[in-house]
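Here's the structure we're looking at; comments come further down.
Where a number appears in this text, it was derived from the coordinates with a stated rule and is not lab data. Here the structure is a predicted model, which means the values were calculated and not measured. No Cβ is skipped: glycine too gets one built from the backbone with ideal geometry, and neighbour counts run over all protein chains shown.
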Amino acid sequence: MKNKKVLKKLMFSIMALSLIFLAACSSNSGKESASNGKAITIKMANQVDANNFLNLGYENFKDTIEEKGSGDVKVEIYNGGTLTTSDETTAELLQNGTIQLSTTSAYGIANSIGANAFNIFDVPFLFDSREQFYTFLEGEYGDLLKKEVADKSNMYLLGFIDLGYYSILNGKTSVKAPSDLKGLKIRSSSANLHLSTLKSMKANPTPMAYSEVFTGLQQGTIDGVSTTTPLIYGDRFYEVNNHFTATNHILLLHGVLVNKDFYDGLSEDMKKTLDESVASYTKYAIDLVTKAEKDAIEGLKDKGVDVVELSEEERKKFKEATSNVAKENMDAIGQENYDLAIKLLGELK
């Protein structure tokens, strides 16, 4: 037993040293490219499998920047949770330079660097449409988010995408009202507003790493999962749960983040190439997720899943049930951030 403990500690130490070595090598990559013309390597990481729409977006970025870079840029993508198992870990790897560019969720950024302004995006039913969501991000609030990241971390925020609207899948019953969720153990992220939202819907929110969800559903550790519609379909959770409700209560923001040391070490021409590639990627990724959402609904129906698309009256019940979530979590959001968001959204209506 003692030998096993020693071996476990030794393996952990080796892994830690490996990450530090990777980070040290990665943090110098941008500076080397600027000074001696060496090819730049950009490492990216995500938690989804190779065929998932999020990873397909990463592949598009890889193709775009490698073509624009004319052989001076190489992108390595680590998918399927091989390098990161949470949104917070992704942010950590970005900050220490183990990876150079990736996307992570609003709550992952908020939790990692203490930028509460990002938590506004976890307020349920805040936005009327995806169009309004992006118009909002293109203005004053988006500028605030970029400043928060630059001021509070070793990262820059280069752009925004989304991973789709949050829905609920479960293996117990058809859900058309919050009362139908009573007592069900529904997987949630660890974000406070996500937990509060599910609790206000009468569910029993159960935090769990995303990579463990399929097994959790399969083994009955959880009764269901709350995540985005494209992820539910793309990661085949319907194979073990067959009741789906398109609650559309949160549109999951992902920020496109780059390591600050890496970016600052690039030549001006290479910065321009990177910025243009990110702009092209974000447009592609938004189109991709919009299509993935529509395809997911049709795909779930084709698989024989009980698909509930809420009527306006049914949706109103969920909205009313979650109406106090923002107030209950104002410390996490920041009153000034909430007031600014409501003001700006009022101007968009």
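Past 29 Å, Cα to Cα: identify those pairs from LYS199/LYS260; LYS185/LYS303; LYS62/LYS303; LYS152/LYS294; LYS38/LYS62; LYS291/LYS319, in the order given.
Numbers: LYS199/LYS260 38 Å; LYS185/LYS303 24 Å; LYS62/LYS303 32 Å; LYS152/LYS294 37 Å; LYS38/LYS62 18 Å; LYS291/LYS319 25 Å.
From LYS199/LYS260; LYS185/LYS303; LYS62/LYS303; LYS152/LYS294; LYS38/LYS62; LYS291/LYS319, over 29 Å: LYS199/LYS260; LYS62/LYS303; LYS152/LYS294.
For the chain, just the Cα atoms, rotate onto the principal axes and tell me the three extents in Å, largest first.
Extents along the principal axes: 63, 62, 40 Å.
Can you pull a Stokes-Einstein diffusion coefficient for segment 162-211 at 37 °C (0.692 mPa s), Rh from Kirkwood over Cα pairs, as a whole number of µm²/s?
On the way: Rh = 11.3 Å.
Estimated via Stokes-Einstein, D reaches 289 µm²/s.
Where does segment 43-117 land on Rg/Rh, using Cα atoms and the Kirkwood Rh?
Working: Rg = 12.9 Å, Rh = 12.9 Å.
Rg/Rh: 1.00.
Which GluC sites (Glu not before Pro) in segment 103-174 sit in a loop by DSSP (not H, G, I, E or B) and have at most 13 other Cβ atoms within 10 Å of their own Cβ? Mind dumping the intermediate values first?
Details: sites: GLU131, GLU138, GLU140, GLU148; in loops: GLU138.
Listed in order of number, the matching sites are GLU138.
Using alpha carbons only, how many degrees (0 to 90, rounded to 10) separate the axis of helix 87-96 from the longest principal axis of the chain?
10
Using amide H atoms built 1.01 Å from N in the peptide plane, name the residues 5+ places from VAL73, or on other chains, whose amide H lies under 5 Å from its own.
Amide H to amide H, under 5 Å and 5 or more residues apart or across chains, VAL73 pairs with ILE40.
Tell me, what ³J(HN,Hα) does each residue in segment 189-201 have, in order and in whole Hz, if you take phi through Karplus 6.51 cos²θ - 1.76 cosθ + 1.60 with θ = phi - 60° and put x for Gly and Pro?
Going residue by residue, I get 5, 8, 4, 4, 5, 5, 5, 5, 5, 5, 5, 5, 8 Hz, with x marking Gly and Pro.
If you keep only loop residues by DSSP, which trypsin sites (Lys or Arg not before Pro) in segment 205-281 have at most 16 other Cβ atoms within 10 Å of their Cβ? Before the final figure, lay out each step's value.
Numbers: sites: ARG236, LYS260, LYS271, LYS272; in loops: ARG236.
Here the trypsin sites (Lys or Arg not before Pro) that fit, given the DSSP loop and packing criteria, are ARG236.
Can you give me the C-alpha center-to-center distance between segment 304-349 and segment 222-251, rounded to a whole angstrom?
19
Using only the alpha-carbon atoms, how far is helix 2-36 inclined from the longest principal axis of the chain? Give it as 0 to 90 degrees, nearest 10.
Approximately 60 degrees, to the nearest 10.
How long, wide and thick is segment 268-316, going by the Cα atoms along their three principal axes, in whole angstroms, largest first?
Dimensions of segment 268-316 along the principal axes of its Cα atoms: 52, 28, 9 Å.
Could you state the angle between the C-alpha long axis of helix 53-68 and the longest principal axis of the C-alpha atoms of the chain, as a value from 0 to 90 degrees rounded to the nearest 10?
30
How are the C-alpha pair distances of segment 49-88 spread across 10 Å bins, as whole percents from the shortest bin up?
29, 45, 24, 2
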